[in-house]
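Below: the structure, in structure tokens.
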Amino acid sequence: FSLLVVKAFEMEIIPADKIVAQIGDTLVLTCNTTGCASPSVSWRAQMDNPLGGKVSNHRTYSTLTMNPVSIVNSHLYICTVICDEKEKKEKYVKVELYSFPSDPIIEIKPSLVAGEPATLICKIPDVYPSEHLEVILKKDEHVLHTEDFLQDASTNTETKTVTYTFQPMAEDIGKEITCVARLPIDNMDFEPKERTSSWKLNASFGPQNTTITASPGNSPMEGDSLNLTCVTQSNPPPQIVWSKYLAKESIQHLIKSNVLSIPHVHFNDSGQYICEVINLVTNKTEAATVDIIIQGAPVITKLSIEPSTTVQEGENVSIQCSAESNPPPKIILRRKSDNADMGPYSAGSILLPSVAFQNGGDYECVAENKFGNSRSEITLNVKYGPKNTMITVIPTAALKEGETVTMKCTSSGNPAPVISWNKKKATGESEKISKNATLTIQNLKSQDLGLYECEAYNQFGKEEKAVKLYVQARLEEPDQMIPLIIAFSSVAAVAVPAVAILIYVSRQAKINGSYSLVKALRLKV
């Protein structure tokens, strides 16, 4: 005889008693039976609320699936099992719901500009129950704002929003704004109960505190390199434009870069430079200026003669010399052949109204300061007609018949005059007798008497001088031939000093000795 053990009829709900579910998830409730071959299982919600799920019956168990879980599933769920239509058992499970599905969303409006107010918005999506929600806004570890929703009586999920107005500063760049959302519900076991999101601050600001540094300094030497660096505080990095003030308040635009580099500075690089800084986000502009003074020994920039280096006598002439340097140069402009004691001409200029031929020559300009000097030369060429034409007769002592006399004609002019000799005929016409400046008459005779003309000529004019060979006196000696005393005198229209008187004695008979100039002058004229 054998003992037959029969299991008692039992049931259970998995999970038992209470389940915490997140709205939107899938929840499966299982009702298990043991000790009953053909159980009859049914599900109902507390207070006959809708099930809000799908029932699936099997031989010994039944499931209630809620996919997705929604707010209508926040009830007691009762599983009833009847075994063999005799025995009935019930158990329940409480479904508690929450919703905290994602991290907060941070927005900041408008774009951050340092010193200007902005609104920080933190959104916590699909929260339930919102009356338990706590929100903390922090900048790094500093709490900016806290907010709760205790007054809410939520009946479904809601997106809750927290706003906070603040004024970011430049020093806030790189700091983190954090939104901490907490959903602490007692006796509800779920994770996480805290969610956070962060936003790194990047406030636009500036430009501000713009300065210019000059290397090697504000007063470099002529020929040195110069670097001007524009330094500013700006976010985002600004657009930088260099320019320079010119005369008459006009501006010359240079480059778009924070460094303006001049490899070899010249004196004309002196002036005021402007660095203009533009932030295209804040729409603000700031400028800085620096005065640059180039130092160095003088450089002669101009040495000129107006109207030309070659002029005609009588024209108005101006000689100008200018130089640039820092400190300003002392300028000495003078004719090189003049005595240095004549001193410098003021302001580097010489005015020669109605220029004379004596003003021609080499002119020198010297510019000097403490760093050194510079010099340059220019030549003034004055063209003029013949001047100072004169005749020299050699010898000046008494001559005897048959000797030689030389008449030399000289004249100054630019270009050098061409000199020729003419002799007046008895008819009054002139006969050209020589194209040389020197006229020599050998074996002097009485027929050589007459008027001799010297003509000096160039393209700017001509000048004439003349001498006359004539009988000056006769000897009154009865027993002798009458010799002639012949003299030369100047007869030119323009008076010049008589150069010499030539005494010529004609001897046709034998005469002891010769006449001296002194004796001849004693004779009766």
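The values are calculated or read from the model by the stated rules, or taken from the named source; none is laboratory data. Everything numeric in this text was worked out from a predicted model, so none of it was measured. Quick reminder, even Gly has a Cβ in these numbers, built from the backbone with ideal geometry, and neighbours come from all protein chains shown. All accessible areas refer to the heavy atoms of the entire protein, side chains included, with ligands and DNA or RNA removed. Shrake-Rupley method; radii C 1.70, N 1.55, O 1.52, S 1.80 Å.
Assorted remarks:
- When the strands (runs of 3 or more DSSP E) confined to region 371-466 are screened for residues that are under 60 Å from the mean Cα position of the chain (by Cα), those reaching at least 3 such residues are found at 372-394, 405-414.
- Qualifying residue in region 309-316 (condition: in a loop (DSSP other than H, G, I, E, B), surrounded by 20 or more Cβ atoms within 10 Å (Cβ to Cβ) and among the acidic types (Asp, Glu)): yes
- Residues of region 216-232 classified as without any contact (Cβ under 8 Å) to a residue 60 or more places away in the chain and outside any loop (DSSP other than H, G, I, E, B), total: 5
- Of the residues making up region 27-58, just one is out of contact with any strand residue (DSSP E or B) (no Cβ under 7 Å at 6 or more places or on another chain) and either assigned by the TED database to the domain that holds Ser154 or at pLDDT 90 or above (or both), namely His58.
- On the stretch given as region 276-296, residues that are in contact (Cβ under 8 Å) with a residue 40 or more places away in the chain and under 14 Å from Lys244 (Cα atoms) total 7.
- Screening Lys18, Lys7 for residues that are open to solvent by 80 Å² or more (accessible area, probe 1.4 Å), part of a strand (DSSP E or B) and not aliphatic (A, V, I, L, M) leaves exactly one candidate, Lys18.
- Test: residue in region 157-173 that is hydroxyl-bearing (Ser, Thr, Tyr) and open to solvent by less than 20 Å² (accessible area, probe 1.4 Å): no
- Of all residues in region 441-452, those that are at positive phi have Cβ atoms under 9 Å from Cβ atoms of residues that are of a type outside the set (Phe, Trp, Tyr) and open to solvent by 50 Å² or more (accessible area, probe 1.4 Å), 6 or more apart or on another chain, in Asn443/Glu401; Asn443/Glu403; Asn443/Thr404; Gly450/Lys424; Gly450/Lys425; Gly450/Ala426; Gly450/Lys468.
- With respect to (1) assigned to a loop (DSSP other than H, G, I, E, B); (2) open to solvent by less than 70 Å² (accessible area, probe 1.4 Å), the lone exception for Ser325 is condition (1).
- Residue count, region 364-393 (criterion: without any contact (Cβ under 8 Å) to a residue 60 or more places away in the chain and of a type outside the set (D, E, K, R)): 2
- Restricting Ser270, Ser204, Ser198 to those that are out of contact with any Asp or Glu (no Cβ under 8 Å at 6 or more places or on another chain) and either of a type in the set (A, V, I, L, M, F, W, C) or closer than 30 Å to Ala181 by Cβ (or both) reduces the list to Ser204.
- Within region 136-156, considering residues that are hydroxyl-bearing (Ser, Thr, Tyr) and modelled with pLDDT under 95, the one nearest to Arg195 (Cα to Cα): Ser154
- Of the residues Cys122, Cys230, the single one that is touching a Cys at 6+ places or on another chain (Cβ under 6 Å) and in the same structural domain as Ser270 (by the TED database) is Cys230.
- The residue list Lys432, Lys510, Lys423 contains one member that is crowded, with 16+ Cβ neighbours inside 10 Å and either more than 22 Å from Ile394 (Cβ to Cβ) or modelled with pLDDT of 50 or more (or both), which is Lys423.
- Per-region count, region 228-249, residues open to solvent by 40 Å² or more (accessible area, probe 1.4 Å) and either at pLDDT below 90 or of a type in the set (D, E, K, R) (or both): 5
- Glu107 being loosely packed, with under 15 Cβ neighbours inside 10 Å and either in a strand (DSSP E or B) or modelled with pLDDT of 95 or more (or both): yes
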